[in-house]
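Colleague: This structure is in structure tokens; I'll ask about it shortly.
Read-outs: derived from the displayed coordinates by stated rules, not from any lab. This one's a predicted model, so the numbers in the text were calculated from it and none came from an experiment. Virtual Cβ from ideal backbone geometry, glycine too; neighbours counted across all protein chains shown.
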Amino acid sequence: MYLALLKELLRNRAAAAGLALLLATLLAATLGRFWFPGDPWEMSGAPMLWPGDDAANPLGTDLMGRDMATGLVSGAGVSLMIGLVSTLIAAGAGITIGALGGFYRGWTDAFLMRVTELFQTVPQFVLAVVLVAIFKPSVATATFAIGIVSWPPTARLVRSEFLALRERGFVEAARALGMGDFRLIVTQILPNALPPVIVIAALNIATAIQTEAALSFLGLGDPNVMSWGTIIGNGREQVVDAWYICGLPGIAIVLVVLAFNLLGEGLNDALNPHLREKET
Amino acid sequence: MAALLSIRGLRTWFHTRAGIARAVDDVNLHLQPGETLALAGESGSGKSVTAYSILRLIQPPGRIEAGEIMFNGTNLLTLDDRGIRNVRGNRVAMIFQEPLSAFNPVQKVGAQIVEAIRLHRRVSRRAAYARAVELLAQVGIPSPGARAHEFPHRLSGGMRQRAMIALALACEPDILIADEPTTALDVTTQAQILDLLKSLQARNGMGLLLITHDLGVVAETADRVAVMYAGRVVEEGPVDTLFSRPSHPYTAGLLAAVAIDDVPPGERLPEISGMAPSLLAMPQGCAFAARCPKASAAAGCFTESPVFSSLTLQRHVACFAANPAASPVTVFPRSAMRDDNVRVAA
């Protein structure tokens, strides 16, 4: 099934491009570390070397003489990691809350949906800033904060899927076979509710990466970790005479976010049965 | 012989915004091991709700208000959650009208049968899988090993219904409830499925509760039949005598409507005039009175509800015209209905 999905994705040109970009980012974050093994905070050359000026610093250096390539490679890892983990947190919370609300309905649903709405009324980014500011800024707190602010859409989606699926015949049939609620939720309804959740998760990773960059830009990133947002934040004073300091990590963010969006759209096409009618 | 299943005074009501719909009202039924009881009636007569009530699958706003469903000496209506789950699919299994919608679309057929077995039996996945393939073979699915690997939508309608029967038989239940098992199938497949059910029943001696609106299916398959109308059983008895000599005017009307071969060409086809009453606004007296050719005010058809009572040893009917004993003021106090002996003695 997963192999078939991958095939379907590769047939879609946009999704294939997204996957390729993603693979490139992943390679940069892993193999790139071997290529540029230095400490991204360490001074490695003259400050503000333009890309191509010096073979030792192929992408130039920033205001403090730190190697841009090393910083970008480090940032790729940070972005992917925070994007993935925070999305896992958001998906976990969203699926649990949405599944319980949609399956049990009644007051359980009413309560959970009010909580969800409470989160939705507060602007996501502001809440993330507050959460990070309350705890000490670090990779862990940023991940946690981004996860906490981004579960409500998943919860609402899962809830609506559950509300529709719980009325389906196979759920009744499974109940008639003697399945309990937990089993019904996990083995019967959830697998059928998953496709749109996967799509929203892919798009969520893109948003999470942007949020992380914005937090770092504001100086709320982990002070020991060089992320793309940190580089942009540090380079913003030189944006006129050394635009590449902000530009290169900016381009990196654009590409990764684009990659996840393309992938999300591709997954939507591949997983949405209505768009795939001709297939079956 | 002690009944395998006996339902007494079952009431399942739906509490809707528009009022209380008495979908099942005072239903009494019993089923012996190895017997096929058909529950016949038109849409909305309460036959499916009766079946779902047995396994307590009624969802709000529906509620089982009263009654007793004795199965092997235990009252299913008083079992706790765990207890009833242990009966479902294990001792009493169910098959549904639309086999495609009864399968989980994202799980392979074999895996679903494996899951059903492992819900109630402590066996390894491998053993359960072997059993699943064996079951698929038993219900006449060709190359069962390959079919077990298919997703449900890849099977044909008849094949799916067979697979669903295999799923239901996974734990060798004592009772199989079949809710319109052939309605969604074409006629030749229908006959095959009914034959299959009969042969499986002959092999393992399970009781079969067959819910249908098709009197042809009843005649072909059932030993006894209970006819439901507006939430009540109006007549019950062995298929052969009930079909040849119906007592209740509703049953007679239904049979007349089916026997159109006897109608001379050009003649108007027989029908039962009028409509079934809304469950939300049941008339006083007999629910069928307004459409009944034999209804009379003198007998109390419009004021009193006829009690379901014995006509002969095996036949029961709820009609004043057919059975004077149906009058609640004469011989049969309503409370006496709770006792089987009284019914047989009458």
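Colleague: In whole angstrom, note down how far apart the Cα centers of the range B:170-215 and the range B:34-53 are.
Modeller: 13
Colleague: Continuing with the same structure: Taking chain A as a Gaussian network, Cα atoms linked when under 10 Å apart, which of A:M179, A:M113, A:M68 shows the biggest mean-square fluctuation?
Modeller: Of A:M179, A:M113, A:M68, the most mobile in the Gaussian network model is A:M179.
Colleague: Sticking to Cα atoms, compute the Rg of chain B to one decimal and its Dmax as the biggest Cα-Cα distance, whole number, in Å.
Modeller: Here Rg and the maximum Cα pair distance are 21.1, 69 Å.
Colleague: A:L31 versus B:A146, label points 7 Å from Cα toward the beta carbon: distance in nm?
Modeller: With each label placed 7 Å out from Cα toward Cβ, I get 4.3 nm.
Colleague: Could you give the length gained by full extension between B:M275 and B:A298, i.e. 0.36 nm per residue of separation minus their alpha carbon distance, to one decimal place?
Modeller: 6.0 nm
Colleague: If amide hydrogens are placed 1.01 Å from N in the peptide plane, which non-local residues have theirs closer than 5 Å to the one on B:M94?
Modeller: When sequence neighbours closer than 5 places are left aside, the close amide H contacts are B:G89, B:I177.
Colleague: Can I ask one more? Please give the charge dipole size of the protein assembly as shown, origin at the Cα centre, charges +1 on K and R Cβ atoms and -1 on D and E Cβ atoms. Round to the nearest 20 debye. Mind dumping the intermediate values first?
Modeller: On the way: 51 positive and 52 negative charges, 262 e Å.
Charge dipole of the protein assembly as shown: 1260 debye, to the nearest 20.
Colleague: Something else: Compute the distance in nm between two label points, each set 7 Å from the Cα along the Cα-to-Cβ direction, one at A:A4 and one at A:L194.
Modeller: Taking the two extended label points, one gets 1.4 nm.
Colleague: Another question about this same structure. Filter the GluC sites (Glu not before Pro) in the range B:50-128 down to the DSSP loop ones having no more than 13 other Cβ atoms within 10 Å, then list what survives.
Modeller: Sparse-neighbourhood loop GluC sites (Glu not before Pro): none present.
Colleague: Please compute the contact order of the range B:85-176 in relative form: average sequence separation of alpha-carbon pairs under 8 Å and at least six residues apart, divided by the residue count, as a percent.
Modeller: For the range B:85-176, the relative contact order is 46 percent.
Colleague: In nanometres, what is the gap between the two model label sites at A:N272 and A:L63, each 7 Å from Cα along Cα-to-Cβ?
Modeller: Rounded to a tenth, the inter-label distance reads 4.5 nm.
Colleague: Percent antiparallel among DSSP beta bridges with both residues in the range B:9-115, to the nearest 5?
Modeller: Expressed as a percentage, antiparallel bridges in the range B:9-115 total about 90.
Colleague: Is it possible to state the helix-based mean residue ellipticity at 222 nm for chain A, with each DSSP H run of 4+ residues giving -39500 (n - 2.57), the sum divided by total residues, to the nearest 500 deg cm²/dmol? What is it?
Modeller: Working: 11 runs with 194 residues, N = 280.
Rounded to the nearest 500, it is -23500 deg cm²/dmol.
Colleague: With r defined as the distance between the Cβ atoms of B:D80 and A:Q120 and R0 fixed at 45 Å, what FRET efficiency is calculated, to the nearest 0.05?
Modeller: 0.70
Colleague: Another question, if that's okay. Taking the Cβ of each residue in A:V257, A:V139, A:V186 as the centre, tally the other Cβ atoms inside 10 Å and list the residues starting with the fewest. Working shown, then result.
Modeller: Working: A:V257 21, A:V139 17, A:V186 12.
In increasing order of surrounding Cβ atoms, one gets A:V186, A:V139, A:V257.
Colleague: Between B:R122 and A:L218, what FRET efficiency follows from the Cβ-Cβ distance if R0 is 45 Å, with the result rounded to 0.05?
Modeller: 0.20
Colleague: By how many nm would the segment from B:A18 to B:E68 lengthen if fully extended, with 0.36 nm per residue of separation less the alpha-carbon distance?
Modeller: Values: separation 50, 0.36 × 50 = 18.00 nm, distance 2.74 nm.
Additional length available on full extension: 15.3 nm.
Colleague: Would you look at the GNM of chain B, springs on alpha carbons closer than 10 Å, and say which of B:I175, B:I141, B:I69 moves the most?
Modeller: B:I141
Colleague: Moving on. As an exercise, use a Förster radius of 22 Å and the Cβ-Cβ distance of A:R11 and B:H153 to find the FRET efficiency, rounded to the nearest 0.05.
Modeller: On the way: r = 22 Å, r/R0 = 0.98.
Calculated transfer efficiency: 0.55.
Colleague: Using the Cβ atoms and a cut-off under 15 Å, what net charge is assigned to the surroundings of B:M275, where Lys and Arg are +1 and Asp and Glu are -1?
Modeller: Its environment carries a net charge of -1.
Colleague: Using Cβ contacts closer than 10 Å as the measure, can you line up A:E172, B:E172 from fewest to most?
Modeller: B:E172, A:E172
Colleague: Same structure again: Using alpha-carbon positions, what is the distance between the centroids of the range A:1-27 and the range A:171-201, in Å?
Modeller: If we compute the Cα centre of each part, the gap is 27 Å.
Colleague: Using Cβ counts within 10 Å as a stand-in for footprinting exposure, how do A:K136, B:K198 rank, fewest first?
Modeller: Neighbour counts put them in this order, fewest first: A:K136, B:K198.
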